[in-house]
Amino acid sequence: MRWIDLHSHILPGIDDGPREMEDSLRMAEEAVEAGCEMVFATPHALNASDIPDRENLTELAGIITAKTGLRIATGYEVHILTIVEGADPSRLCLEGTNFVLVELPMVNEALAAGDYLSDLTKRGLRPLLAHPERYYYMKPDKLRKLVESGVRALVNSGSFVGFHGREARKRAEDFLREGLVSAMASDAHSPGDYRRHGETIKKMIKEGVSPELFAPEIKGAKKHEFAGRDTEKG
């Protein structure tokens, strides 16, 4: 099947993803081989004073696309602190959409309060919560309240194979079973990650997981003409 990745650190020299373009190209080639149609490159925006330049991201994405054929749109993985500090979230959306990929603190539950996320929806934005299964305080009831308020949960596929530990795997399985997961992503950082992501997709679909979780239709202020197309089992 063809799939879309909403969360990837594929661009070189930006954050904790690959340092060199050579590794970014290897990641893109692996993604294409595994069936990827499109990637959103989402480097970390950890604070309001240090947000990667969008033009630079677009330039790097264009080089990778030209050399591998993989379509890459840009965006950010926005730490909630960046928004608290006053950064304009409307400028940090996934390209062509009104989705903001938001990361919460791993252990500081105070900053994970739903008010910050609900404020985004009031501004006409759509919060996409990165890897909620990795937050030790995130239980199904808490995530359900966020989902009911307009937040969408984006779970890492690696969590289902224990990449982030047993507790994260259990939370991911609980969220999926209770219908709280909107989509799954790779959160790829290095060569090999897309190969594993592709293998996990095949395994989970055989186990009955909906293919739509791996090829979501992205809607927002604009809509990518290629998002969600040509998706089929196989």
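The values are calculated or read from the model by the stated rules, or taken from the named source; none is laboratory data. This is a predicted model, so every value here is computed, not measured. Note: ideal-geometry Cβ built from the backbone for every residue, glycine included; neighbour counts use all protein chains shown.
Per-structure values
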| quantity | calculated |
| --- | --- |
| Which numbered condition Arg123 fails, given (1) of a type outside the set (Gly, Ala, Ser); (2) closer than 20 Å to Ala48 by Cα; (3) under 20 Å from the mean Cα position of the chain (by Cα) | (3) |
| Hits in region 74-88 (condition: of a type outside the set (A, V, I, L, M, F, W, C) and buried (at least 21 other Cβ atoms within 10 Å of the Cβ)) | Thr74, Gly75, Tyr76, Glu77, His79, Thr82 |
| Entirely in region 29-147, the strands (runs of 3 or more DSSP E) that have 1 or more residues that are among the acidic types (Asp, Glu) and without any contact (Cβ under 8 Å) to a residue 60 or more places away in the chain | 99-103 |
| Answer from Arg54, Arg71 - the residue that is touching a helix residue (DSSP H, G or I) at 6+ places or on another chain (Cβ under 9 Å), surrounded by 15 or more Cβ atoms within 10 Å (Cβ to Cβ), over 17 Å from Arg19 (Cα atoms) and basic (Lys, Arg) | Arg71 |
| Enumeration of residues in region 143-162 that are over 17 Å from Leu213 (Cβ atoms) and among the hydrophobic types (A, V, I, L, M, F, W, C) | Leu146 |
| Subset of region 172-210 (residues that are farther than 15 Å from Met1 by Cβ, assigned to a helix (DSSP H, G or I) and more than 15 Å from the chain's Cα centre (by Cα)) | Glu173, Asp174, Phe175, Leu176, Arg177, Arg195, Arg196 |
| Residue among Arg196, Arg144, Arg152 that alone is basic (Lys, Arg), within 30 Å of Glu20 (Cβ to Cβ) and modelled with pLDDT of 95 or more | Arg196 |
| Scan of region 18-38 for residues that are closer than 13 Å to Leu60 by Cα and crowded, with 20+ Cβ neighbours inside 10 Å, ordered by number | Pro18, Ser24, Ala28 |
| Matching entry among Pro132, Pro105 (being more than 23 Å from Leu213 (Cα to Cα) and in contact with a helix residue (DSSP H, G or I) (Cβ under 7 Å, 6 or more places away or on another chain)) | Pro105 |
| Criterion violated by Ala168 - all others in (1) in a loop (DSSP other than H, G, I, E, B); (2) of a type in the set (A, V, I, L, M, F, W, C); (3) farther than 26 Å from Val32 by Cα satisfied | (1) |
